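The structure under discussion is supplied below as structure tokens; questions concerning it will follow.
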Amino acid sequence: MSAPEPALEIPTLRLKPDISRPLAVFVFSILFLGIGFDIVNQGNHAGWLLIVLFGLAIIASLSSLLPGASYVEINESGITIASSFRLRTYRWQEVERMGVFEIGMIRRVGVDLNKTYRGPERVPDYMKPPSGYHIALPNMGGMEPEKVLEVMQECFRVTRLRA
């Protein structure tokens, strides 16, 4: 009787966004919201533009600062991208290729989807974004794109071996 094969271990990775940019937007928006109220109190109605504009900026920045609002999770089932509490999941069976791309100073991980994926992101090659991939993972703090890609490739490989 032969020994059972060891179970393949699939890594799970959950990346959270860097909060410095939304926090800076929040702080500056509070400042300009106060300036807008001061302008309105002086009798100038142009201050309402500042109040509306920076009030909306406060709401937008808070929506990305709330826990669970934005993240990227890579696990055995696929890639889940959460943005403002909207979830998009891409299964490994729908992934054709992945890699790191660079446009100017921006370096991100891109994913191409195969023909089994029926969502709106899968467009013909001539309509792809400048990255050359159907999807670009959002910038998340804490890991270089190459390390994220390694985890993704390992999950992809293990999932294919199990199938």
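The values are calculated or read from the model by the stated rules, or taken from the named source; none is laboratory data. Note that the structure is a prediction, hence the values are computed from the model and not measured. Heads up, the Cβs are rebuilt from the backbone with ideal geometry, glycines too, and the neighbour counts pull from every protein chain shown.
Within the range 71-103, track down each residue that is in a strand (DSSP E or B) and among the hydrophobic types (A, V, I, L, M, F, W, C).
From the range 71-103, those in a strand (DSSP E or B) are 71-74, 78-83, 86-91, 95-103; that's our starting set.
Across the range 71-103, the qualifying residues are Val72, Ile74, Ile79, Ile81, Ala82, Leu87, Val95, Met98, Val100, Phe101, Ile103.
Yes or no, residue by residue, for (1) closer than 21 Å to Gly142 by Cα; (2) touching a residue at least 24 places away in the same chain (Cβ under 8 Å); (3) of a type in the set (A, V, I, L, M, F, W, C); (4) not in a loop (DSSP other than H, G, I, E, B):
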{"position": "Leu23", "(1), (2), (3), (4)": "yes, yes, yes, yes"}
{"position": "Ile39", "(1), (2), (3), (4)": "no, no, yes, yes"}
{"position": "His45", "(1), (2), (3), (4)": "no, no, no, no"}
{"position": "Leu49", "(1), (2), (3), (4)": "no, no, yes, yes"}
{"position": "Val109", "(1), (2), (3), (4)": "yes, yes, yes, yes"}
{"position": "Tyr117", "(1), (2), (3), (4)": "no, yes, no, no"}
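List the pairs whose first member sits in the range 139-163 and is at negative phi and among the hydroxyl-bearing types (Ser, Thr, Tyr), whose second member is assigned to a helix (DSSP H, G or I) and at pLDDT 80 or above, and whose Cβ atoms are under 9 Å apart, counting only residues at least 6 apart or on separate chains?
Pairs found: Thr159/Trp92; Thr159/Gln93.
Starting from residues that are surrounded by 12 or more Cβ atoms within 10 Å (Cβ to Cβ) and in contact with a Gly (Cβ under 9 Å, 6 or more places away or on another chain), keep the ones in the range 21-44 and report whichever is nearest to Leu66 (Cα to Cα).
Among those that are surrounded by 12 or more Cβ atoms within 10 Å (Cβ to Cβ) and in contact with a Gly (Cβ under 9 Å, 6 or more places away or on another chain), it is Ser29.
Let me ask you something else. Taking Gly68 as the residue in question, decide whether it is in contact (Cβ under 8 Å) with a residue 60 or more places away in the chain, of a type outside the set (Ser, Thr, Tyr), within 25 Å of Ile19 (Cβ to Cβ) and assigned to a loop (DSSP other than H, G, I, E, B). It would help to see each step written out before you state the result.
Working: in contact (Cβ under 8 Å) with a residue 60 or more places away in the chain: no; of a type outside the set (Ser, Thr, Tyr): yes; within 25 Å of Ile19 (Cβ to Cβ): yes; assigned to a loop (DSSP other than H, G, I, E, B): yes.
It is false that Gly68 is in contact (Cβ under 8 Å) with a residue 60 or more places away in the chain, of a type outside the set (Ser, Thr, Tyr), within 25 Å of Ile19 (Cβ to Cβ) and assigned to a loop (DSSP other than H, G, I, E, B).
Here's another thing I want to ask about it. Being of a type in the set (Val, Ile, Thr) and touching a residue at least 24 places away in the same chain (Cβ under 8 Å), is that true of even one residue in the range 92-99?
Just the residues of the range 92-99 that are of a type in the set (Val, Ile, Thr), to begin with: 95.
So of that shortlist, the ones also touching a residue at least 24 places away in the same chain (Cβ under 8 Å) come out as 95.
Yes.
Take the conditions β-branched (Val, Ile, Thr), within 30 Å of Ile59 (Cα to Cα), within 17 Å of the chain's Cα centre (by Cα) and surrounded by 14 or more Cβ atoms within 10 Å (Cβ to Cβ) and apply them to Ile135. Does it pass?
Details: β-branched (Val, Ile, Thr): yes; within 30 Å of Ile59 (Cα to Cα): yes; within 17 Å of the chain's Cα centre (by Cα): yes; surrounded by 14 or more Cβ atoms within 10 Å (Cβ to Cβ): yes.
Yes; evaluated as a whole, the condition is true for this residue.
Each row is one residue, and each column tells you yes or no for (1) in contact with a strand residue (DSSP E or B) (Cβ under 9 Å, 6 or more places away or on another chain); (2) at pLDDT 95 or above.
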site: Pro17; (1), (2): yes, no
site: Ser20; (1), (2): no, no
site: Phe32; (1), (2): no, yes
site: Gly55; (1), (2): no, yes
site: Leu66; (1), (2): no, no
site: Ala69; (1), (2): yes, no
site: Ile74; (1), (2): yes, no
site: Thr80; (1), (2): yes, no
site: Ser84; (1), (2): no, no
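Which of the residues that make up the range 50-87 are closer than 18 Å to Thr12 by Cβ and loosely packed, with under 14 Cβ neighbours inside 10 Å?
Hits for the range 50-87 are Gly68, Leu87.
Continuing with the same structure: If I ask for residues that are out of contact with any strand residue (DSSP E or B) (no Cβ under 8 Å at 6 or more places or on another chain) and at pLDDT 90 or above, which ones from the range 104-137 would you list?
Of all residues in the range 104-137, those out of contact with any strand residue (DSSP E or B) (no Cβ under 8 Å at 6 or more places or on another chain) come to 104-106, 115-116, 118, 120, 123-128.
None - no residue of the range 104-137 is out of contact with any strand residue (DSSP E or B) (no Cβ under 8 Å at 6 or more places or on another chain) and at pLDDT 90 or above, so the list stays empty.
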